[in-house]
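Student: Pasting in a structure now, in structure tokens, and then I'll have a few things to ask.
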Amino acid sequence: MQYQEIEKYFENHPLKEKFSSFPDDERRSCVSVAERDILAAIHPVVPQHSEADIFLAAVAEQTLFLLLNPENLTGINSGVSAVSSAGESRKFGQAGAPLLGQRAAGLAGMLSGAPEMKLVRG
């Protein structure tokens with residue numbers, strides 16, 4: 001994935017200032033990790049050309065999630081458990097921390113054909 005595509009995605013994102021506040025090398029590194037996270041989440045599905053925008057959005061949202069939650073990069077949340085309901089499942093790290101950000105997980109679910117469970121904050 002081209003880093004410039006991710007930068008362009010954040011041009012009109014409500015959290016663009018947060019994304020821009022991180023050093024360029026850290027953002028680039030998180031893009032690489034985020035792309036692998038999304039590919040792993042949707043495996044064995046390979047995104048088609050027609051799904052490029054959704055894949056880009058999923059990677060961008062996961063990038064932001066990783067930047068804002070660096071503990072997901074350090075291995076602190078390496079333990080995994082799963083919750084499933086009516087054929088849908090969601091994986092969590094230690095202490096219930098999600099392995100994918102909520103927005104990234106929803107977009108990955110669109111790509112894999114298995115939408116993630118909806119989480120409500122309140």
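Readers should treat all values here as calculations from the given coordinates under stated rules, not as data from a laboratory. Small disclaimer: the values here were computed from a predicted structure and weren't measured. Here the Cβ is made from the backbone with ideal geometry for all residues, glycine too, and neighbour counts use every protein chain on show.
Student: Take peptides 11-24, 46-59, 99-112 and line them up by average Cβ neighbours within 10 Å, highest first, as a rough protection proxy.
Tutor: Ranking the peptides 11-24, 46-59, 99-112 by packing returns 99-112, 46-59, 11-24.
Student: Still on this structure, please answer the following. What is the calculated FRET efficiency for Q4 to S112, with r their C-beta to C-beta distance and R₀ = 41 Å, to the nearest 0.05?
Tutor: 0.95
Student: Once label points are set 7 Å from the Cα along Cα→Cβ at both Q48 and E71, what is their separation, rounded to one decimal in nm?
Tutor: In this crude label model, Q48 to E71 measures out at 4.0 nm.
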